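The values are calculated or read from the model by the stated rules, or taken from the named source; none is laboratory data. Because the structure is predicted, anything quoted here is derived from the model rather than measured. Using ideal geometry, Cβ is built from the backbone for each residue, glycine included, and neighbour counts are taken over all protein chains shown.
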Amino acid sequence: MPRIECRDGTSLYYKTWGSGRPVILIHGWPLNADSWDPVTYALAEAGHKVIAYDRRGFGRSDQPGTGYDYDTFADDLAAMIEQTKSTDVALIGFSMGGGEIARYLSRHAGKCEPARNFDANHNP
């Protein structure tokens, strides 16, 4: 299983498909990366490298006793971008995942390629 390590040692599981401009998908509470499966295949077929990960405390990622605040979630996203060597990345989040992207933009702007897209919450 592919994993990255966050600055506090927490291990995050991720899945990846395709190649091309990267798209990182961030799930909401209480889901995991599998919630994006219906979307990932279409994005990969459209020419993107798609990365979906289980956020800390969810799915196959570690469940540490601390770090469930938006600053830490944003730092986890920064680690995912860096360790998957993703540049010119599009970020897409659902529900709490959108909040994580907003915090990432305020904490890490200029340290990685800027986000192009995010959706804090939507009703289908």
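Things to note:
- Count - residues of the stretch 1-20 that are closer than 16 Å to LEU91 by Cβ and surrounded by fewer than 16 Cβ atoms within 10 Å (Cβ to Cβ): 1
- Residue within the stretch 15-34 that is over 18 Å from MET1 (Cα atoms), modelled with pLDDT of 95 or more, touching a Ser or Thr at 6+ places or on another chain (Cβ under 9 Å) and of a type in the set (Gly, Ala, Ser) present: no
- Looking only at residues in the stretch 28-54 that are outside any strand (DSSP E or B) and of a type in the set (Phe, Trp, Tyr), the one that is farthest from the chain's Cα centre (by Cα) is TYR41.
- In the stretch 55-98, of all residues being acidic (Asp, Glu) and in a helix (DSSP H, G or I), the one that is surrounded by the most Cβ atoms within 10 Å (Cβ to Cβ) corresponds to ASP76.
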